[in-house]
Amino acid sequence: MAITIYESSEARYGVHMPRKTDARTNAIAAAQKLFRIQGYTATGLTQIIEESGAPKGSFYFHFPRGKAQLAEEAIDHYVAARINVLRTISADTMGDAVKFVRQIFGTFAAEMVASDFQYGCLMQNLANELPALDSELTKRIAHGFVDSTEIIAEHFRGCGFAPGRASSSAAALVAALEGARTIARLERTPAIFEALADVSVQGWAARES
């Protein structure tokens, strides 16, 4: 399944946004890309502006608070796209927890391969730099994890999981996905995604037996 996780025309989880200029859209896309590859602190405004191709004056017109404001919007776009991916997979695998999990791991693995193992999770990368972030960015990251994890828990509840099990399984799956990205980037192979999918499925089978 070819699903792009890092780009979206929706904000705050599926609500259509007003049309933006190319300069603004390109700046957000450039920030997402660079934050995912090298993190927040290592990414300077000059690099973002050069990557986006936007004139410096245009950049500050759209983002008067500079890098922090751009990061806020990049997080919102990233989370919206992530939730859209999860909702699409959930709809495709309704009532089937095993297929749902395998498709999530497969989709994230495919994106890693497509990016030549450059892209980490934007939220994870920024969360690793919490001392460098302001409270608004920290809050957005936390909400992003909570909201996307709830999509997974909702699917598990629809598969008959008890509420507590659905929540714990969703949290474990998100943690596994974030760890898998890190290992895949280091090893330059998506094998860890399939291994974790197998472990998850085997764990459920053992529990049910």
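Counted as qualifying within region 127-209 are the helices (runs of 4 or more DSSP H) with 1 or more residues that are touching a Cys at 6+ places or on another chain (Cβ under 7 Å) and on the phi < 0 side of the Ramachandran plot, namely 163-187.
Note on region 33-69: among residues that are β-branched (Val, Ile, Thr) and closer than 20 Å to Leu130 by Cα, the one that is surrounded by the fewest Cβ atoms within 10 Å (Cβ to Cβ) is Thr41. Set side by side, the residues Ala195, Ala206 differ, and just one is surrounded by fewer than 20 Cβ atoms within 10 Å (Cβ to Cβ), modelled with pLDDT of 95 or more and under 19 Å from Phe100 (Cβ atoms), which is Ala195. For region 77-98, the criterion of being farther than 26 Å from Glu194 by Cα, in a helix (DSSP H, G or I) and at pLDDT 95 or above is met by at least one residue. Answer with yes or no whether Gly106 is part of a loop (DSSP other than H, G, I, E, B), surrounded by 15 or more Cβ atoms within 10 Å (Cβ to Cβ) and in contact (Cβ under 8 Å) with a residue 40 or more places away in the chain. Here the answer is no, as Gly106 does not meet what is asked. Of everything in region 171-191 that's among the small types (Gly, Ala, Ser) and surrounded by 19 or more Cβ atoms within 10 Å (Cβ to Cβ), which residue is farthest from Met112 (Cα to Cα)? My answer is Ala176. Cβ-Cβ contacts under 8 Å between residues 6 or more apart (or on different chains), taken from a first residue in region 130-157 that is without any contact (Cβ under 8 Å) to a residue 24 or more places away in the chain to a second residue that is of a type in the set (Val, Ile, Thr), are listed as Leu130/Thr138. Determine if region 17-31 includes at least one residue that is at pLDDT 95 or above, β-branched (Val, Ile, Thr) and touching a His at 6+ places or on another chain (Cβ under 8 Å). The answer is yes, given that some residue of region 17-31 is at pLDDT 95 or above, β-branched (Val, Ile, Thr) and touching a His at 6+ places or on another chain (Cβ under 8 Å).
The values are calculated or read from the model by the stated rules, or taken from the named source; none is laboratory data. All values derive from a computational prediction rather than experimental measurement. Every residue, glycine among them, receives a Cβ derived from its backbone with ideal geometry; neighbour counts consider all protein chains shown.
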